[in-house]
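Take a look at the structure set out below.
The values are calculated or read from the model by the stated rules, or taken from the named source; none is laboratory data. Since the structure is predicted, the reported quantities are computational estimates derived from the model, not experimental observations. Using ideal geometry, Cβ is built from the backbone for each residue, glycine included, and neighbour counts are taken over all protein chains shown. We work out accessible area using only protein heavy atoms, side chains counted, and drop any ligands, DNA or RNA first. Shrake-Rupley method; radii C 1.70, N 1.55, O 1.52, S 1.80 Å.
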Amino acid sequence: TNPVGTSNADFPSGDPGMYQLDITLRKGQNLAARDRGGTSDPYVKFKLGGKEVFRSKTIHKNLNPVWEEKTCILIDNTREPLYIKVFDYDFGLQDDFIGSAFLDLTSLELNRQTDVTLSLKDPHYPDHDLGSIFLSVLLAPREEQREATMLMRKSWKRSSKVTFSMWSSGSFFFRITTFYPTYHLETCFQTQSLRLSDLHRKSQLWRGIVSVTLIEGRELKAMDANGLSDPYVKFRLGHQKYKSKIVPKTLNPQWREQFDFHLYEERGGIIDITVWDKDAGKKDDFIGRCQVDLSTLSKEQTHKLEMPLEEGEGYLVLLVTLTASAAVTISDLSLSSLEDQKEREEILKRYSPMMMFHNMKDVGFLQVKVIRAEALMAADVTGKDSFRFCKSDPFCVVELNNDRLLTHTVYKNLNPEWNKIFTFNIKDIHSVLEVTVYDEDRDRSADFLGKVAIPLLSIQNGEQKAYVLKNKQLTGPTKGVIYLEIDVIFNAVKASIRTLMPKEQKYIEEENRLSKQLLLRNFIRMKRCIMVLINTAYYISSCFDWDSPPRSLAAFLLFLFVVWNFELYMIPLALLLLLAWNYFLIISGKDNKQHDTVVEDMLEDEEEEDDRDDKDSEKKGFMNRLYAIQEVCVSVQNILDEVASFGERIKNTFNWTVPFLSWLAIVALSVFTIILYFIPLRYIVLVWGINKFTKKLRSPYAIDNNELLDFLSRVPSDVQVVQYHELKQDPSHSPSKRKKNNPG
């Protein structure tokens with residue numbers, strides 16, 4: 001370590017959270033090779049007090065990696081060194097240790113940026129040269145930050161409480177600083193530090209949307225023994241990541257997938273693109289990489305790019321479009337867009353029927369008021385013996401698809417008040433608003449306190465409601481309620497057309513892991529769908545066997561009538577009558593649908609298993625060694641889920657689970673019935689064939705889709721129906737029967 005300046009060793013070091021350490025992980029140099037090809041896939045971990053506080057991204061096949069990642073760490077005791085460990089990533093296996101080093105915090109000068117070079121060592125082989133790590137560090141006392149904050153608060157007439165909060169989830173770190181009329185958001189991610197400020201009391205959080213359409217790859221490198229590859233593509237813009245589907249056994253894959261990124265910086269950014277070959281049971285092979293510099297592209301225009309792959313062969317064909325930002329904002333409770341008459345009229349005009357064909361991606365407007373929560377779970381226990389205090393440091397995360405916003409943290413309070421307004425643009429009216437409450441912990445990942453999932457179509461505008469918080473699987477209640485007021489304004493025609501288009505894909509999430517309960521649940525769901533078909537077959541067979549003469553006679557007469565008079569339009573007409581019959585049963589109160597307790601019980605069992613898995617997640621078991629077997633089991637598990645969900649979605653369409661979708665089905669079936677009644681089948685088939693044959697000629701880069709499957713993807717499965725079901729608040733825990741202020 002080569003720090004320069006005076007030591008801070010004489011500073012008191014026992015006060016909690018007294019210092020803040022800003023670290024920039026620059027690069028590595030001459031790292032040890034751990035793979036057979038003479039390279040490594042290095043990543044870095046920072047540990048403090050035996051706990052991991054940061055993990056960098058992985059740089060593949062490079063002994064001189066460049067990270068340029070920033071993180072912020074709160075320091076209780078400067079006498080405790082920062083432990084840096086470097087590993088070589090091995091897919092599906094134990095990662096190889098490259099080397100480690102210690103950073104002596106007492107040798108750093110306060111309030112001064114210091115460049116540090118650390119030589120990596122292995123305790124078992126102290127004489128080996130394992131390379132070096134380069135850092136830039138800045139150590140500052142927290143008291144000075146608080147004094148600066150007080151000065152800022154005095155300089156503004158209208159301000160709100162400033163909170164420095166820290167949340168880590170996996171390897172993402174968030175630090176929120178809010179004051180008004182300026183809103184300042186700092187987000188410390190693995191790859192960048194986002195500093196967003198606005199000179200308005202209501203802040204817009206990102207400056208634009210980058211739409212990337214992955215068309216195809218050409219002449220890719222063959223990575224398998226058969227002379228082909230199974231390619232897929234990974235995209236990364238800052239903290240945002242996407243992964244394409246896998247196209248098996250080809251060197252010229254056709255993807256035709258679209259991904260949307262948030263653009264945080266006015267000058268653009270760089271999208272990192274890597275191409276991989278999928279290998280079952282072992283590490284995926286690296287095919288090549290390329291980058292798209294957004295600062296070189298003009299806005300409001302679609303650019304066709306043919307990107308040659310570096311460190312490999314072939315190239316990718318992309319369509320990239322930069323558009324103006326969607327209206328995603330955070331503001332104080334007093335600054336509601338819908339309460340401003342002029343602003344409300346503009347919003348209503350934007351989504352009026354007259355604007356149905358203008359900007360088809362802008363379906364609607366969502367405003368969420370996060371008011372307060374009550375009786376939250378106590379996640380922290382402090383004190384000893386009879387002087388124990390139960391508290392939490394809650395903050396709230398509001399998510400709509402890939403839009404994710406956070407409130408400030410209210411410290412040491414089980415009844416926090418946030419009083420924030422979040423606004424979103426709605427791209428799909430069938431999206432689900434997720435509101436999650438966490439307890440902030442400085443030195444580890446945030447603790448989950450509760451969550452609610454609210455389908456946009458179930459929202460009652462302008463009504464302040466108390467939502468009972470649920471567990472992680474959304475199957476049962478946890479402690480506490482959250483008060484929200486939500487307004488949705490949307491254009492029904494745009495929403496209907498958007499229903500027949502592919503759903504927006506979410507950022508890369510955790511890969512599905514093998515779960516005995518999940519596998520059993522999906523098997524039972526699929527069995528129930530199959531049993532419906534079997535019971536129908538038995539019913540028809542009983543009519544043939546004349547088990548019930550009246551029923552068989554009625555079925556026989558119906559068969560003769562339908563076959564003798566059959567026309568093609570009767571197929572959608574029959575489905576239309578089924579929808580109408582179920583609607584009549586519902587409005588007449590004769591619908592006897594029972595709550596699906598079977599699925600709910602299975603989900604609760606799965607939640608218990610997930611809790612056990614979380615406790616053992618750091619232990620690498622036997623299943624990790626048999627990755628190929630696990631992958632096959634996970635594939636079977638997912639196929640069962642897809643098949644069962646498909647059957648349940650069809651059932652829930654006719655059961656009027658989502659009235660908007662059922663009415664849309666009625667309109668579509670009515671149109672199909674009229675068309676089939678008046679237009680001969682040959683003309684319909686002719687138009688369909690001409691459209692299919694000329695589609696690629698008319699629009700070469702159009703994304704393939706199936707309107708029926710896109711429609712069904714919006715209908716919730718039985719599992720989602722249970723998850724989105726709103727729980728009733730227990731009257732015995734009414735807010736009026738509790739103390740209004742409970743600081744823990």
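State, to one decimal in nm, how far the label point of Q113 lies from the label point of L500, with both points 7 Å from Cα in the Cβ direction.
Rounded to a tenth, the inter-label distance reads 5.6 nm.
Can you tell me the FRET efficiency between K47 and V562 if r is taken as the Cβ-Cβ distance and R0 is 51 Å, rounded to the nearest 0.05?
That gives a FRET efficiency of 0.10.
Could you order peptides 525-538, 21-34, 462-475 by the average number of other Cβ atoms within 10 Å of their residues, highest first?
Values: 525-538: 13.1, 21-34: 18.9, 462-475: 16.7.
The peptides rank, most packed first, as 21-34, 462-475, 525-538.
So, in nm, how far is label K234 from label T39 when the simple model puts each one 7 Å beyond its Cα toward the Cβ?
1.3
Going 7 Å from the Cα of E339 along its beta-carbon direction, which residues of region 479-497 have the amide nitrogen within less than 19 Å of the resulting point?
Output list for this probe position: 483-489.
Grab the beta carbon distance between E726 and N461, set R0 = 22 Å, and tell me the FRET efficiency rounded to 0.05.
E(calc), rounded to 0.05, equals 0.90.
Find, among the chymotrypsin sites (Phe, Trp or Tyr not before Pro) in region 60-144, those assigned to loop by DSSP (not H, G, I, E, B) with at most 15 other beta-carbon atoms within 10 angstrom.
F91
Over all directions, the average projected area of the alpha-carbon convex hull for region 204-324 comes to how many nm²?
Here the figure is 7.4 nm², rounded to one decimal.
What are the residues whose amide H is under 5 Å from the amide H of K278, where those residues sit 5 or more places off or on another chain and H is modelled from the backbone?
D230, Y232
Express as a percent, rounded to the nearest 5, the fraction of DSSP beta bridges in region 204-324 (both residues included) that run antiparallel.
So the antiparallel bridges amount to about 100 percent of the total.
Using amide H atoms built in the peptide plane, which far-off residues or other-chain residues are under 5 Å from L727 H to H?
V468
Stretched out fully, how many nm does the piece from L297 to I540 gain, at 0.36 nm a residue minus the Cα gap?
Stretched out fully, the L297 to I540 stretch lengthens by 81.2 nm.
Using a probe radius of 1.4 Å on heavy atoms only, what accessible surface per residue do you get for region 204-324? Whole Å² is fine. All intermediate terms of the calculation are to be shown ahead of the outcome.
Details: 5130 Å² over 121 residues.
Per-residue accessible area for region 204-324 comes out at 42 Å².
Of the accessible area of region 19-141, with the probe set at 1.4 angstrom, what percent is carbon plus sulfur?
45
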